[in-house]
Every structure is written in structure tokens, then in C-alpha cells.
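Nothing in this text is a laboratory measurement; each read-out follows from the coordinates by a stated rule. It should be emphasised that the depicted structure is a prediction, and the values quoted were computed from it without experimental measurement. Heads up, the Cβs are rebuilt from the backbone with ideal geometry, glycines too, and the neighbour counts pull from every protein chain shown.
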Amino acid sequence: MELTKLFSSAKIGNVRIKNRIVRSATWLARADELGYVTEDLIETYQKLGEGGIGLIISGYIGVHDNGSGNYRMTRLSNGSYKSGQKRLVATIHDTSDAKVAAQIAHTGSNIIRAGYELVGPSPIKVPGSIKLVRELPTKEIQEIVNSFIYAGTLAYECGYDMIQLHGAHGYLLSDFLSPLANKRIDGYGGTLEKRFKIIEEIYHGLRDKLGKEIPIMIKLNTHDNLKNGLTLEEGKEITKRLVALGFDAVEPSSGRTDPKLTENKSFPAPIIKKPEEENYFSYIARELKPLMSNCALILMGGIRNPIAAEQFLEEEIADFISISRPFLYEPDLAKRWESGNLDSTYCTSCNACFGTIYKGTGGIFCPVKHKQEKKSIKN
Ligand SMILES: Cc1cc2nc3c(=O)[nH]c(=O)nc-3n(C[C@H](O)[C@H](O)[C@H](O)COP(=O)(O)O)c2cc1C
Ligand code: SF4
């Protein structure tokens, strides 16, 4: 079977992408302790670019020092981060024809690193956390809006082709959307319109600074998959608002980053044990796509088989196909599929990669592949 659609070019906003394969944002824990880009991080991205991906979305980049509460994540919280980020983007552009998007984020209440303060819309314990969140006063919300706008502007100056807001997985922007985390009764909470306000302000600020020069996308929690949480009906309403504002692409997601909540169902990267469990967010795409004229839908979540990916594009429930874990196992997956080897990815979706950060080995990697490589060297 020929993957005619998967390997055809298409645009997001004014940027043409050589094929429909997107690397979904993946934190690699390869920055230094303060979030500066390292040679190791650059080399990892170079391999992804050379591996044939059309659009690489960076691992999340903290827009604020206190909003960078994960181990060795990158930052763009001030100008000192520019030179490293510039080198990273230039390396990908010089060594491949992949486009690169900066995913900008504030970790909010979803912090795993000591020394960072949990902040969010309301002073409660959010699902999956045992700690109280400090409620952000309006003045600080304004500062955070400004830091998103500033980080987006820096990303543009560093040469990134696009920007993606991280509005998912229990990080700050998705906490504002979720009625489980947002109990405010001021202009930033209550109705859906008010819970959405922070995203709207960031969008307007970025467009005021950058015009239509650079596409703006969002990874969006379309629902929480938790009792009394954000519903898919609300997710559809948010999508309509994003399209009306002028967002160039939406990558639908769901859940928080704690797999213990509702037995994996509200976790965006569940373990996949059988083929029927693949493509687990395609039902969201089917709901959203009819609402999205002039806005690309990037389908993500357990996509492992290139023929299924081709069918989603043919059926027109997605414009792009986004993949994360498999690129840890095989950064050259896109090239392999393009060369005609249509085996599903060899990544088994076991999630052992999540544990590698705690092993002190320097960055997230695939331990399954690592073991196989060690064995083949021995033999
Ligand atoms: C190690 C790791 C790091 C991740 N980091 C991010 C991130 O920085 N930003 C984000 O939006 N999603 C992140 N994700 C979620 C993925 O982008 C993706 O949404 C999820 O893994 C499902 O896609 P997959 O089935 O292709 O892996 C991460 C996932 C993994 C496995
Ligand atoms: S550990 Fe390796 S095989 Fe398992 S999910 Fe992560 S990348 Fe895939």
C-alpha cells in the first residue's frame, strides 16, 4: 500500500510541511539544571530531523522560572536562553528540511521537582496532587500572560517556525479550563468563556506582537475524563472559540499526567496492550474536525500503524498525525515508513521510558531499545 497522503505536503498557517508526520511535544530532560540547551539535546533533535519527520514540536519550554517545574526542561523565560535555543533550531534546519515548533508552557500545579511552588486558578488540591495550590491573584495572571507572549516572541526570534501553547495535561492553561481546578468567581473562572479568557489573552498578545508571521497552535485538553471535570461538549465549544480566534492548528488531548487517576483513562499516554487500544483519541478528532474549517487538526494518541494513519487522513478526520513515544525508540520511523517498510512502530507503548529520568542516566530514553542494543553488542 502506498502512503500517498501521509507523505504529501500540507500547510499549517503559512508554513508548508513536507509530510503529515508530527513529533508530538516530548520532554526529553536533556537541558541543564537551569533549562539551558545542551549539546546532548541538540544531537537528539538533529537525529529526529534526519529521521524524516515533517514537523517537530519541541518538548515543553517553560515561559516562567517557577513555571518550569520538571527536571531539566528547557526555558525561554528570559533573553539568556536565546543563544542555545537558536543553535538548536538552526541545527535542525541546517541538517534536515523538518519544520520546528516551540511548545510553550507553564507547569502550574503539575510540578514534580522540589523547590517549585504549585500555582493555579484556585487554592485547592487538584486531582492527583496531595499539595495545596497557591491561588494566582489577577496581577500575577497578567504577568504569566505576558511571559507567554514574551516567550513566544523569543521563540520567533530564535527561528522556530511555529508556536504551540500547552493547554493540556493539568498544566496551568488546562487548569484554568477545568472546573475541577478552577473555582474562581472573577473574570478568569466560572463560565466557560471566563475559564478560556487566559488563552484568549495570550493569543491576542502573540498576534499583536507577531502578526500572522508565525502559526499559533494549541495542544488542548478537550475533556478531563474525570467526574465533574471538563466535558467533551465544553471541549467542542472551546474548539469553536479557538477556530474563531484564528488558531492555525489544534492537537486534541485529554487527562492529567497521573496514570493512577481512573485507571489510565484520564492519562494522555496510556500503556497499549493490543492493537484495538491504539488510536485512542480518534473519537475526539471525529467530534472536532467538522468544527474546524481553516484550522488543522493534529491527531495524537497511540498511533502506531502507518496504514491506520493514512486512513485517518483519507477519511479527513485529521490533517496531520502526531506521535511521541515511538520516536524515542526509533527516531527514524518516518524514513522507515517512507522507504516502504510499513511495520507498525517497534515501540511497545510500555511506558518504561517515563521511569528513565529517575535513573540518573541523563535524559529520557527508551530502555527497551537500550537493552536490545546492549544485547546485540554482546553477541
Ligand atoms: C517522555 C514523554 C514526555 C512528554 N512530554 C510532553 C511535553 O513536553 N508536552 C506535551 O504536550 N506532551 C508531552 N508528552 C505527551 C506526548 O506528547 C503524547 O501526547 C502522548 O505520549 C501520546 O502520544 P503517543 O501515544 O504517540 O506516545 C510526553 C510523553 C512522553 C512519553
Ligand atoms: S520504553 Fe521504549 S518501547 Fe516502551 S513506550 Fe517508551 S519508547 Fe516505547
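Projected onto the charge dipole of the chain (+1 at Lys/Arg Cβ, -1 at Asp/Glu Cβ, origin at the Cα centre), which of Thr4, Leu177, Met217 gives the Cα projection farthest towards the positive end? Towards the positive end, the residue furthest out is Leu177. The sum of -39500 (n - 2.57) across all DSSP H runs of n ≥ 4, divided by the residue count of the chain, sets its helix-only mean residue ellipticity at 222 nm to -9500 deg cm²/dmol. Round to the nearest 10 and give me the degree value, 0 to 90, for the angle of helix 82-95's Cα axis relative to the longest principal axis of the chain. Tilt of helix 82-95: around 30 degrees.
Taking 15 Å as the straight-line reach from the Cα of Lys5, the aspartates and glutamates in range (excluding those fewer than 8 positions away in the same chain) are Glu310, Glu314, Glu315, Glu316, Asp319, Glu338. Of the GluC sites (Glu not before Pro) in region 1-81, the ones in a loop by DSSP (not H, G, I, E or B) with at most 12 other beta carbons within 10 Å are Glu2, Glu33. With each label modelled as a point 7 angstrom along the Cα→C-beta vector, the Asn78-Glu39 pair spans 2.7 nm.
Taken about its Cα centre, region 10-378 carries a charge dipole of about 740 debye when Lys and Arg each add +1 at the Cβ and Asp and Glu each add -1 at the Cβ. Angle of helix 39-50 to the longest C-alpha principal axis of the chain, folded into 0 to 90 degrees and rounded to 10: 60°.
Bridgeable aspartates and glutamates around Lys273 (alpha carbons under 15 Å apart, same-chain partners fewer than 8 residues away excluded): Glu263. For the residue pairs Lys260/Lys374; Lys131/Lys236; Lys82/Lys209; Lys194/Lys240; Lys197/Lys236; Lys335/Lys369, alpha carbon separations beyond 20 Å are given by Lys260/Lys374; Lys131/Lys236. Note on Glu140 and Arg87: with the Förster distance fixed at 35 Å, the Cβ-Cβ geometry gives a FRET efficiency of about 0.60. Taking other Cβ atoms within 10 Å as a rough exposure proxy, Asp161, Asp40, Asp224 sort from fewest to most as Asp40, Asp161, Asp224. Rounded, prolate or oblate: pick one for the chain, where a ≥ b ≥ c are the square roots of the eigenvalues of its C-alpha gyration tensor, a/c under 1.5 means rounded, and failing that, prolate if a/b is larger than b/c, else oblate. Verdict is rounded for the chain.
The local environment of His169, defined by Cβ-Cβ distances under 13 Å, has a net charge of -2 under the rule Lys, Arg +1 and Asp, Glu -1. Looking at region 289-360, the GluC sites (Glu not before Pro) that sit in a DSSP loop and have at most 15 other Cβ atoms within 10 Å of their own Cβ are Glu315, Glu316.
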